[in-house]
Structures are given as C-alpha cells and as structure tokens.
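The values are calculated or read from the model by the stated rules, or taken from the named source; none is laboratory data. On a predicted model such as this, the values are computed, not experimentally measured, just so you know. Cβ atoms come from the backbone with ideal geometry, glycine included; neighbour counts cover every protein chain shown. Remember, those area values only see protein heavy atoms, side chains included, never the ligands or the DNA or RNA. Shrake-Rupley method; radii C 1.70, N 1.55, O 1.52, S 1.80 Å.
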Amino acid sequence: MIVVKSHDGGLLKVDGFRIRVFEKLSLPPIDLRLKAIREAGWNTFLLKADDVFIDMLTDSGVNAMSDKQIAAMISAQDAYAGSRSYYELSSVVEELMGFKYVIPVHQGRAAEHIISKVLVKQGSIVPMNYHFTTTKAHIELAGGEIIEIPVKEALDKRSTYPFKGDIDIERLEDILRRFGNRVPFVRIEAVANLLGGQPVSMRNIKEVRELCDKYNVLLVLDASMIDWNVYFIREREPGYKSKSLASILREFVSYADLVYMSARKAPSVRGGLIATNNRELYEKLIVHVPVYEGFLTYGGMSTREIAAMAVGLREMIDESIIGSELELINYTVRELDKRGIPVILPPGGLGVHIDAVEFLSHVKRNEYPAGSLAAALYIASGIRSMERGALSMDRDKDGREIYPDLELIRIAFPRRTYLKSHADYLIDRLVWLYENREVIKGLQWVYEPPILRFFLGRLKDIDNWGEKLVEIYKKELGEY
Ligand code: F0G
C-alpha cells in the first residue's frame, strides 16, 4: 500500500497498482447452486469453477500476477538442465533471504515430502506452532508424529493477541528437554494457516532459534505466506514500524536453518522451493529431487513459473504492492464482528475465518458444522469457501474422529484479486445465513477416502436442509 497523510490528520492507505486484465464473473441462480453442490457431494473442493461466482476457496495458484511476472514468463529460458531462469531465481533468493542453496520443487507439499524423507524417521517428533494438512500427512507417512504447541491465546477465538501464530516457548523447551534426541527439527509456519491465518512475531522466532541452538535441533520455516507475516510484524510488533519490508523479511528468515515454501502463495506463481545454507543438508535433499520432481534446475516446474517466481519474490517486499488484501480482510472481519458473526480475531492473513461451532451451535461435531456452513454459504451466495475443521482431519488409527481445536470455514482473499463490492456481498450473505442458521443441519458421509479425505470425500445434507434453505432464500431474496 502507498501510505500518505489524510486531510484530517489520519493515514490513508492506497493500493499501489491498477488492474489491466480482468476476468468476467457470473452469478448462477440459486436453483443451479443447489444442484451443483449436490453433484459435488456437498464438498466445495468438488464444485466446478464455472458454477462458482466468487472463488474464495484458496489463495493458492490464483493470485493476480503482475505485468512484470507475465513478461518474465515470456523471456524464460527453456532448458532441461541449467536454465538461466533457475540461476536468476537462485540469486534473488540469496539476495532477499541470504540462502546460497536453492532447490526448486513442483509445489509446497513436494518440499514437505523431500524434507520429511530426509529428516523424519520412525519415532521422530516434530514440534510446531500448528500443522498444515499436507505437512502432517508427510511427517506421518515418514513415520513421525507432530506436536502442536501454539500459545494459549491462539485457541481463544475472541482473544485479540496480535501474534496468535507464536509458539509456546515453555512447552517447546519442555519437549526438547524430554525428547530432544527424537526431534529432527522444530517447524514454524509463518502465518499459521489453520489457526486462522495468524502471524508469528519476530521475538518468538528469535526465542525458538535460541532453544534450537541450546538443544542442537534444526529450525525449519514454512514461508508459504511470509509476505503477510512480514507485513503484520511491521503493523503490530514494537520496534518495526519504520523498518522496510525487505529488512524484516531478511531478519525473519535468518533465524531458520531451512526455509521452504509453496510458491503458489506469496510469490503468486505455481511452484515451490527449498532454501538453506547448510551444505550437508542440501546434499541429502537433492538426492531425492531427480527421483520425485525433475532435474535440479527445474524441479518439476515449468521454467516460465521459475522466471515469474523470481519476480514474485521481489514483489513480496514491494512496499506499494503488499497489504491490499490484508486491508480488505481487516475491513470484512470488522464489519462481520460488528454484526455479531463469530469471526476469528484479530483479522489475520489469508482470509476471513468463521467459527462454525458457534455459528451453527445446534450442529454436532460429528455432523461437521464447518463443512455444512461452507456448503450453505455457497448455496446462499455462489461464494466458494473451504472447510477447515474435522473434515480436514483424517480419522486416527482406530477410526475415531479427531476434532481439531478450531472448526472454521476459511473465506480466502487471493492477492490483488477481489474488490470491496465482493467483500460487501459476502458480508450481506453471511448476515442472511446467520439469521437463517437454524435451517442448516449437518452432513453425513456418502464416500469417505482414507487420507486427506476433505479433497475427494462426498457427503449429503441431513434431512434435505439444502432444499429448505433455498425455499426461504427464494421467498425473501429471489432467484439470485
Ligand atoms: N504449507 C502451507 C502453510 C500451506 O498453506 C500450503 C498450502 C502448503 C504448505 C502446501 O503447499 O499446496 O503448494 O502443495 N496451502 C493451500 C491452501 C493448499 O489453500 O491453504 P502446496
């Protein structure tokens, strides 16, 4: 954002870009929305994008790209080995983050796969602020187990603690003291996705680093949403107000031994990377790259994406570009909060997160309040959100449900993609749904996959509540 003084003595934040390419959207009528969600097994992942009005499923791979990124794609050098585009990417990573060894991989979970293969063994324990679905799956597939140790404020939905992504330092030390030899690394997710997009403070990563040094354990940073974390540190952490985004980024990543990212997020392309200064670790990791990804200088990505990633990484610290969607999220969360909708506070990165257990307090946890709310929001608005609750967890070894601390729907705001009128429409439809929430019942399984079940699972609405919701909607609001 470009920040200037306003005429009345306040501050004005103005988007430092304009839109030169746009995509037309169309709003399907409510009957079609009901038909589409039925055909999708009440799972928003299985909707066809053409049946969606405003796609807020994720920020992954759907951020708006800049003119400079598109230009870089055209001048990328296609070569199976040794592409100039790879060397350009490497030098940008070294310049911005200070890491010499850069491994491209096809996306974030590919990085998690390779890191877990090298570092995680049967019986390993990986402490972290919070898991992400694919991270947990890869650590467990490699024989390890995760322990989540966020600060206690993270699970208090109404707490406005500014860094709910922080690790509980005392619990970390306790784990390292007790299980140190079984801990290959501590993982920090900058902007903790499943905690509602909450950032990690500089102070916290510094303290985690000190403990990692004391117990001789690696610190791995998931930097998929590092752009937002850096912005929040400047906005919220004492001592950083007048620092540049570039210097905050540089300091934050300097505490990690290894950084990986889904480049589908912060750098707004489609790919991923791993970066480190640890030569020994680098040599162990690269063994797996040609087997699972591709040659070392393309790692399963198109060289066009690699070229655009180099530009996207630089744009992550461009003062006038960063922050646009965060300001829109902030506005939306505050408006929803004013109207009594149970949102996660304070506003974080990624999107608006709604507490489905409170929104649908009459729906039992084993009938999936968040899954039901995501389906209902689609019916009532054509907006696609994502379930981030029990459905997004798989059952334990004995087939029992695991109920995560937070049962949320996530309404993502991809970078530089949606406008204030979209946010106002979302607010309006959520308020309507809240007023009619009693109609929404739970979901039950039709087909339940054994792993990462939220992607492909199919369900149905208990007692046909979808039809009743549509009936009321049409009576009050019409066909659209
Ligand atoms: N780590 C974090 C923090 C993520 O948010 C994601 C993906 C990944 C790793 C995996 O990366 O998708 O490139 O393989 N998050 C997406 C989302 C899917 O919608 O939040 P990937």
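Quick look at the values:
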item	result
Shape category assigned to segment 67-315 from the gyration tensor of Cα positions, a/c cut at 1.5	oblate
Tensor-based shape of segment 303-412 (alpha-carbon gyration tensor, a/c under 1.5 rounded, otherwise prolate or oblate)	oblate
Solvent-accessible area of Lys206 with every protein chain in place, 1.4 Å probe, in Å² to the nearest 10	80
Residues with amide H under 5 Å from that of Val126, placed H, sequence gap 5 or more	Glu145, Ile146, Ile147
Phi to ³J(HN,Hα) by Karplus 6.51 cos²θ - 1.76 cosθ + 1.60 over segment 44-54, Hz, x for Gly, Pro	5, 5, 9, 6, 7, 4, 5, 8, 9, 7, 10
All lysines inside 18 Å of Lys214 as judged from Cα atoms, apart from same-chain residues fewer than 8 positions distant	Lys206
C-alpha center-to-center spacing [segment 358-394, segment 94-160] in angstrom	26
Near-label residues of segment 42-56 by backbone N, under 17 Å of a point 7 Å along Cα→Cβ of Glu401	42-43
Cα long-axis angle, helix 420-435 against the chain (0 to 90 degrees, to the nearest 10)	50
Unsatisfied cross-links (Cα-Cα over 23 Å) in the set Lys13/Lys243; Lys100/Lys284; Lys35/Lys474; Lys68/Lys100; Lys5/Lys241; Lys338/Lys420	Lys68/Lys100
Net length gained if the chain between Ile2 and Ser75 were fully extended (0.36 nm per residue, minus Cα distance)	23.3 nm
Net length gained if the chain between Phe22 and Asn330 were fully extended (0.36 nm per residue, minus Cα distance)	108.5 nm
Estimated FRET transfer efficiency when R0 is 56 angstrom, pair Trp445-Lys284 (beta carbons, to 0.05)	0.85
Per-residue ³J(HN,Hα) for segment 95-101, Karplus 6.51 cos²θ - 1.76 cosθ + 1.60, θ = phi - 60°, Hz, x for Gly and Pro	5, 7, 10, x, 9, 7, 9
Spacing of the two label points (7 Å from each Cα toward its C-beta) at Ser242 and Lys474, in nm	6.4
Pair Lys214, Ser361: separation of 7 Å Cα→Cβ label points (nm)	4.2
Extended-chain gain in nm, criterion 0.36 nm per residue less alpha-carbon gap, Ile462 and Lys121	118.5 nm
Cut-off 14 Å, label 7 Å out along Cα→Cβ of Asp156, residues of segment 334-373 by amide N	345-346
Virtual spin-label span in nm between Asp31 and Leu452, 7 Å along Cα→Cβ	3.8
